[in-house]
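Take a look at the structure set out below.
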Amino acid sequence: MNFSISKRVLYNALTTVVRAISPAAPVPSLSGVKIDVLTDRVILTGSDSNISIMTEIKESKADDPVQNELMILEEGSVVIDAKWIIEIVRKMSADIITFETIDGTLTLIKGGSIEFKINGMRAIDYPRIDFTIDTPSFKMNTKMLSDIVKQTAFACSDKETRPALTGVNFKAKDNTLLCNATDSYRLATKKFNVEYPDTFNITIPAKTLSEIHNTVADELEFNMAISDTKLFVSTGNTIIRTRLIEDQYPDTTRLIPPSFTQELKIDAKELLNAVDRASFIKSDGKSVVKMTINQETMDISTSNQEVGSSHETLSVISFTGNPITISCSGNYLIDAIRAISTKEVTLSFSGELRPIIITSDEDKSLVQLVSPVRTYN
């Protein structure tokens, strides 16, 4: 293997594929970036066996707007530990970098007067990953994906006891895409009007969804293709392959009450800041805020026998129904308000032990749910 390439182009490609590499690689070779040098291109691959990213750098043509300075002298393959290759390329001062295997997997990386010799791993020991897309694909707007990540993914569970809850559920039917995330104590649901001809119901791991978003962030749209157990995302010269969560996703529609007995409209920033201040006082490591609401004010309080207590009163924009006192996780409430990100929010109630629904008149496509917490003070 022997090739030279623009440092900038190579570094950008490396930062893309290393997103898929985990520090706790299931096999030694997956701790590295696989480099395949063909007659007219260099292919880089990173994987943790659940998510895999491949990007290729083709030799530039004379009329290409971006010249990658790729020159291939000898074909070959090698795997180089991700933490070494990304740091070496980043620290190189030369504009052009040369890679050459000089003794088995020993790789010479050279730029100007700087050179490194790094022990690589055999490419034959790298797991075979098939990036062939053999199912129909459809286009997805990157802004839509960004909204899904920011407004729903935070509500996923980080516990593997219920695998389905560690991902965001995508359900497409009748030109509607519904995205749900829940850890069973809160729910974030986002609805889009789309023009997808297919019907599908898949659950994408939250971590994977974030990596996909990071990879396609600079594009206006990207392609998605779904098989029985895998999702393929492609844009430009990059393909992302990830496993789907196969456990059945719960029916979350039953979590949202059909009607409400109280409804509060309030300034989102004032509520967010007040809950943030109140959440400073925790009990057993958790922040629980109590909200007492009537037609004119909203009292927010917290207490802990060892630490003390807090109390703050806010003016409301409007409130309908009888006064109510209800408690919930301050952190969950903060996450929900931040996800909605509008000037005003509406909190709807149907009882002190029924879920709190947070919405906004400015964005009716997004619904946040926070479960109440029983308190005794």
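The values are calculated or read from the model by the stated rules, or taken from the named source; none is laboratory data. Keep in mind the model is a prediction, meaning the values are calculated, not measured. No Cβ is skipped: glycine too gets one built from the backbone with ideal geometry, and neighbour counts run over all protein chains shown. Quick note on the areas: whole protein, heavy atoms, side chains included, nothing else; ligands and nucleic acids left out. Shrake-Rupley method; radii C 1.70, N 1.55, O 1.52, S 1.80 Å.
Multiplying the sequence separation of residue 277 and residue 311 by 0.36 nm and subtracting their Cα-Cα distance, what value in nm do you get? That works out to 11.3 nm of additional length. Other residues lying with their Cβ under 13 Å from the Cβ of residue 102 contribute a combined charge of -2, Lys and Arg counting +1, Asp and Glu -1.
Per residue, how large is the accessible surface of the chain? Use a 1.4 angstrom probe and give square angstrom. Before the final figure, lay out each step's value.
Working: 19160 Å² over 377 residues.
With the other protein chains kept in place, the chain gives 51 Å² per residue.
Kindly identify the chain as rounded, prolate or oblate by the Cα gyration tensor criterion: order the square roots of the eigenvalues as a ≥ b ≥ c, call it rounded if a/c is under 1.5, otherwise compare a/b with b/c, prolate if a/b is larger, else oblate.
prolate
Ordered by packing density, taken as the mean number of other Cβ atoms within 10 Å over each peptide's residues, highest first, how do 96-109, 182-195 rank?
On the way: 96-109: 16.6, 182-195: 18.3.
Highest mean packing first, the order is 182-195, 96-109.
Once you keep just the Cα pairs under 8 angstrom separated by 6 or more residues, what percentage relative contact order results for the chain?
On the way: 848 pairs, mean separation 46.1, N = 377.
Relative contact order comes out at 12 percent.
Across the accessible surface of the chain, with the other protein chains kept in place and a 1.4 Å probe, carbon and sulfur atoms take up 47 percent.
Rank these residues by their accessible area, most exposed first, probe 1.4 Å: 213, 311. Kindly include the intermediate steps, with their values, before the conclusion.
Details: 213 30, 311 125 Å².
From most accessible down to least: 311, 213.
Each residue of segment 301-314 was assigned a 3J(HN,Hα) from its phi angle through the Karplus curve 6.51 cos²θ - 1.76 cosθ + 1.60 (θ = phi - 60°); the sequence is 9, 9, 8, 8, 4, 7, 8, x, 8, 9, 8, 8, 10, 10 Hz, with glycine and proline shown as x. Across segment 170-177, coupling constants 3J(HN,Hα) worked out from phi with the 6.51/-1.76/1.60 Karplus curve, θ = phi - 60°, read 10, 10, 10, 6, 6, 6, 10, 10 Hz, and Gly and Pro carry x. May I ask which residue of 126, 148, 88 lies farthest towards the positive end of the charge dipole of segment 71-170, with charges of +1 (Lys, Arg) and -1 (Asp, Glu) on Cβ and the Cα centre as origin? My answer, from the dipole projection, is 148.
What shape does segment 138-289 take by its C-alpha gyration tensor, where a ≥ b ≥ c are the square roots of the eigenvalues and a/c under 1.5 counts as rounded, a/b above b/c as prolate, and the rest as oblate? Since a/c reaches 1.5 and a/b is larger than b/c, the shape of segment 138-289 is classed as prolate. In this structure, the amide hydrogen of residue 68, modeled 1.01 Å from its nitrogen in the peptide plane, lies closer than 5 angstrom to those of 60, counting only residues at least 5 positions away or on a different chain.
So, counting K/R as plus one and D/E as minus one, what does the shell of residues with Cβ under 13 Å around residue 219 add up to? Could you put the intermediate results ahead of the total?
Working: positive: 139, 143; negative: 218, 221.
Local net charge: 0.
Going by average Cβ neighbours within 10 Å, how do the peptides 342-350, 222-230 rank, with the highest at the top? Kindly include the intermediate steps, with their values, before the conclusion.
Details: 342-350: 19.4, 222-230: 15.7.
Top to bottom by mean Cβ count within 10 Å: 342-350, 222-230.
Where does the charge balance sit around residue 72 when Lys and Arg score +1, Asp and Glu -1, over other residues with C-beta under 10 Å from its C-beta?
On the way: positive: 41; negative: 40, 59, 74, 75.
Taking every other residue near residue 72 into account, the sum is -3.
Note on residue 146 and residue 25: the extension gain reaches 40.8 nm, defined as 0.36 nm multiplied by sequence separation minus the Cα-Cα distance.
For the chain, what does the helix formula give at 222 nm: sum of -39500 (n - 2.57) over DSSP H segments with n ≥ 4, over the residue count, nearest 500 deg cm²/dmol?
Numbers: 6 runs with 64 residues, N = 377.
Per the formula, -5000 deg cm²/dmol.
Of the residues 241, 254, the one with the largest accessible area comes first in the ranking 254, 241, computed with a 1.4 Å probe on protein heavy atoms.
Take the alpha carbon atoms of segment 43-92, find their center, do the same for segment 355-377, and report the distance between the two centers in whole angstrom. Cα centres, segment 43-92 to segment 355-377: 46 Å. Cα centroid separation, segment 230-247 to segment 163-199: 17 Å.
For segment 100-107, putting each phi into the Karplus relation 6.51 cos²θ - 1.76 cosθ + 1.60 with θ = phi - 60° gives couplings of 8, 7, 10, 7, x, 9, 5, 10 Hz, in residue order, rounded to whole numbers and with x for Gly and Pro. Take the Cα of residue 50, go 7 Å toward its beta carbon, and the backbone nitrogen atoms of segment 223-240 under 15 Å from that spot belong to 230-231. Near residue 129, no amide H atom lies under 5 Å from its own; only residues 5 or more places off or on other chains count, and H is placed 1.01 Å from N.
Report the full-extension gain for the segment residue 199 to residue 67: residue separation times 0.36 nm, less the Cα-Cα distance, to one decimal in nm.
Between residue 199 and residue 67, full extension yields an extra 43.4 nm.
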